[in-house]
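To keep things clear, I will list the structure first and then write my remarks on it.
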Amino acid sequence: MLFYTGAAMGVSVIPMVEAYCMKCKGKTEMKDPKPTKMANGRDAIKGVCPKCGTGMFKIGTK
């Protein structure tokens with residue numbers, strides 16, 4: 001499954017991202033994944049756990 005996020009100039013596609021939830025203590029697929037850059041320039045994805053609503057963060061993805 002793919003997520004589509006609207007941008008002013010075009011559309012960017014983010015595949016379903018699986019990340020570890022610290023609160024649920026298991027891997028789940030992120031809800032509302034959004035690409036972001038860390039302060040050191042590395043790519044990352046921010047999202048929310050669909051089970052408990054805790055913020056999730058996956059480092060090193062494009």
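Go through region 39-60 residue by residue and tally those that are surrounded by 14 or more Cβ atoms within 10 Å (Cβ to Cβ) and farther than 12 Å from Y20 by Cβ.
So the count comes out to 5.
Considering only region 1-44, state which residues are more than 14 Å from the chain's Cα centre (by Cα), modelled with pLDDT of 90 or more and part of a strand (DSSP E or B).
G26
Give region 45-57 a look and list any residue that's part of a strand (DSSP E or B) and in contact (Cβ under 8 Å) with a residue 24 or more places away in the chain, or say none. If you could, list the steps in order and put the result at the bottom.
Step one: filter region 45-57 for residues part of a strand (DSSP E or B), giving 45-48, 55-57.
I45, G47, M56, F57 - these are the residues of region 45-57 that are part of a strand (DSSP E or B) and in contact (Cβ under 8 Å) with a residue 24 or more places away in the chain.
The values are calculated or read from the model by the stated rules, or taken from the named source; none is laboratory data. Just so it is clear, the structure is predicted and the values come from calculations on it, not from any experiment. So basically every Cβ, Gly included, is an ideal-geometry build from the backbone, and we count neighbours across all protein chains shown.
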